[in-house]
Amino acid sequence: MSFTPSPSSSSSTRRSNRSDVAAVILAAGQGTRMKSDLAKVLHPVGGKPMVMRAVDTAHALNVGRTVVVVGRDGDAVRALLGDGAESVEQGELLGTGHAVLQAESALRDQVEWVVVFYADMPLLRAETIARVLDAAQANPGPMAMLTLRVPDPRGFGRVVRGPDGGVLAIVEERECTPDQLAIRELNPGVYAYRAAWLWDNLKAVRPKSKGEYYLTDLVEIAAAQGHGVPGIEADDAEELIGVNTRVHLAEAETALRRRTNAHWMLEGVTIQDPATTYIGESVNLAQDVTILPNTHLEGQTSIGPHSILGPNTTVRASRIGAHCLINNSVIEESTVEDHVKIGPYCHLRPKAHLCEGAHLGNFAEVKNSRLGKKTRMHHFSYVGDAEVGDDVNIGAGTITVNYDGKNKHKTTIGDHAFIGSDSLLIAPVTVQHDARTAAGAVVTKDVPTGKIAIGVPARMRDIRRPEPDDKG
Ligand code: UD1
Ligand code: CA
């Protein structure tokens, strides 16, 4: 089971069936302030493009239809959406009101309610949208919106309330009077509308400066019609970070990381320094895992109980068992069983499999190989394309010479074999169980059980007396 820090983890929102609601996600904008070759909504936060986070949020809300308004880099956005959401094209980017209008032909007479939010709010939760929708549905008027009170208002549109507390207007910062600029209640950009009213009244919105049609003008239109517009106050400012620049992008990244790390700490994981701990959303951690500073866990990764990771460790798309110690190492697409020690400075490349109790020390690299139980590889060695048995000692500087310039070849090492320091195993080659290689041997032929390979190229001798294990 994997944890998803997106709002889909909420069972309360998932249970409600909202088949008469459509979500319209605005993702067409230029994102000029990002100064990027990439559309803003394609920039990732926590490894996932913002527009996909928005789609996840709509799915968590369990709405009947999800429509993404695309514009800049529309083909790329559509390719990313796949079957996950519908899309409509906003040809000319004439503002947020104009963007929503593009969804009319897809949605008119199809749903009762429309929620609208912006794709540049990667931390927005489905629960928060649900609160706004509930308020709209409980109110006789045509819409409801979210608001946010902050001590130091900056950037967002200001919320102007009337004497009865209802919202009268939203004024964009650049159009505020000095009095309005001081208003501390902001528009984060989450709205719920009666669908029929929305489509009828969007057409009444008039273009503002630079010919833009503001979605926010619908509030004034509703108020002028005598309707109360409930403004639902949000309680978590961090959730409503809107990404307009790369400074905001970094803020969102940090906030998401805080949210994810807090989740895992509450699940019983010790995180010594959350500020330098990066846990992807497909990662699963058991209770009593400990994560030391500067550690990155990515992709489909799971870590068993009582394992200690870090410092300075990356684990990508791998399964790590219980009671493992992984220190200053990089592990990719590999499997590590229980009670394995790795590091410092090891690299497991794809398809490494370390069986229970194996031990990798300084500067060991393993690729596409299985190392048996309690096998030891303590110092600067490379094992690639190999099958290594149980209780094998791989001496310092051992190399499986697996590549002849054209093809990769396999090395097989049997149980209890002893590979002397600086052995070169020229694959394809087999060292049978209980066989040995001497220090510096260049092994070009199979080594039978009971023999030791000595020299360059190695010749076979009988093992005369059992030598004490080199635990080096
Ligand atoms: C908007 C709100 C502002 C609010 C703020 C919160 C309006 C007029 N203003 O301003 O009140 O405080 O968000 O973050 O709505 N987009 C389109 N098509 C367009 C223009 C924009 O799809 O023609 C999309 C963008 O891709 C983006 C979203 O709409 O995802 C918001 O656009 P943006 O330019 O960031 O609006 P703000 O200036 O932040
Ligand atoms: Ca914005």
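Derivation of every value follows stated rules applied to the coordinates shown; laboratory data play no part. On a predicted model such as this, the values are computed, not experimentally measured, just so you know. Here the Cβ positions follow ideal geometry from the backbone for every residue, glycine too, while neighbour counts run over all protein chains shown.
Report the charge-dipole magnitude of the chain in Debye, nearest 20, computed about the Cα centre from +1 at each Lys and Arg Cβ and -1 at each Asp and Glu Cβ. Present the calculation step by step, with values, prior to reporting the outcome.
On the way: 50 positive and 57 negative charges, 243 e Å.
Here the size comes out at about 1160 debye.
Subtract the Cα-Cα distance of ALA138 and GLU89 from 0.36 nm times their separation in residues, and report this length gain in nm to one decimal. Don't skip to the answer; put the middle values down first.
Details: separation 49, 0.36 × 49 = 17.64 nm, distance 3.23 nm.
Additional length available on full extension: 14.4 nm.
Take GLN287 and ASP152, extend 7 Å from each Cα along the Cα→Cβ direction, and tell me the distance between the two endpoints in nm.
Result: 4.2 nm between the two label points.
Estimate the FRET efficiency between LYS445 and GLU387 by the formula 1/(1 + (r/R0)^6), using the beta-carbon distance for r and 22 Å for R0, to the nearest 0.05.
Details: r = 18 Å, r/R0 = 0.81.
For R0 = 22 Å, the calculated efficiency reads 0.80.
Along the charge dipole of the range 256-462, pointing to its positive end and built from +1/-1 on Cβ of Lys, Arg, Asp and Glu, which listed residue (HIS378, THR400, GLY321) has its Cα farthest out?
Farthest towards the positive end: THR400.
Around GLU298, under 11 Å between beta carbons, what's the net of Lys plus Arg minus Asp minus Glu among the other residues? Before the final figure, lay out the partial values.
Details: positive: ARG316; negative: GLU281, GLU332, GLU333.
Net charge in that neighbourhood comes out at -2.
Treat every Asp and Glu Cβ in the range 288-403 as -1 and every Lys and Arg Cβ as +1, leave all other atoms uncharged, and give the resulting dipole magnitude about the Cα centre to the nearest 20 debye. If you can, show how the numbers build up before the last one.
Working: 10 positive and 12 negative charges, 28 e Å.
Result for the range 288-403 is approximately 140 debye, rounded to the nearest 20.
List ILE308, ILE413 from most exposed to least, where exposure is judged by having the fewest other Cβ atoms within 10 Å.
ILE308, ILE413
Starting from the 7 Å offset along Cα-to-Cβ, what nm value, one decimal, do you get for the label separation of SER36 and ALA237?
2.4 nm
With the crude spin-label approximation of a point 7 Å out along Cα→Cβ, what separation in nm comes out for ALA196 versus ARG461?
Using points 7 Å along Cα→Cβ, the separation is 9.8 nm.
If I model the range 11-240 as equal point scatterers sitting on the Cα atoms and use the Debye formula, what is log10 I(q)/I(0) at q = 0.13, 0.16, 0.18 Å⁻¹?
The Debye formula, applied to the Cα set alone, gives -0.73, -1.16, -1.52.
What does the highest-first list of 384-392, 77-85 look like by mean Cβ count within 10 Å?
384-392, 77-85
No solvent, one uniform scatterer per C-alpha: report log10 I(q)/I(0) for the range 121-263 via the Debye equation at q = 0.10, 0.12, 0.14, 0.16 1/Å, two decimals.
Reported log10 I(q)/I(0), two decimals: -0.36, -0.51, -0.70, -0.90.
Need one word for the chain: rounded, prolate or oblate. Basis is the Cα gyration tensor (sqrt eigenvalues a ≥ b ≥ c); a/c below 1.5 gives rounded, then a/b vs b/c decides. Mind showing how you got there, number by number?
Working: a/c = 3.48, a/b = 3.02, b/c = 1.15.
It comes out prolate by the Cα gyration axes.
Counting other beta carbons within 10 Å of each Cβ, put SER329, SER423 in order, fewest first. Write down the numbers at each step before the final one.
Numbers: SER329 21, SER423 27.
The fewest-first ordering by Cβ neighbours comes to SER329, SER423.
Setting aside same-chain residues fewer than 8 positions from LYS410, which aspartates and glutamates have a Cα under 13 Å from its Cα?
ASP385, GLU387, ASP446
Subtracting the Cα-Cα distance from 0.36 nm times the residue separation, let me have the gained length for THR245 to ASP273 in nm, one decimal. Could the numbers behind the result be given before it?
Details: separation 28, 0.36 × 28 = 10.08 nm, distance 2.69 nm.
That works out to 7.4 nm of additional length.
³J(HN,Hα) across the range 437-449 via Karplus (A = 6.51, B = -1.76, C = 1.60, θ = phi - 60°), whole Hz, x for Gly/Pro?
So the J values, rounded to whole Hz, are 10, 7, 4, x, 5, 10, 9, 10, 10, 4, 10, x, 3.
Can you sort LYS351, LYS406 by how many other beta carbons sit within 10 Å, fewest first? List each step's numbers first, then the result.
Details: LYS351 16, LYS406 5.
By the 10 Å Cβ count, ascending: LYS406, LYS351.
Please give the charge dipole size of the range 1-155, origin at the Cα centre, charges +1 on K and R Cβ atoms and -1 on D and E Cβ atoms. Round to the nearest 20 debye. Could the numbers behind the result be given before it?
Working: 16 positive and 16 negative charges, 113 e Å.
I would put it at about 540 debye.
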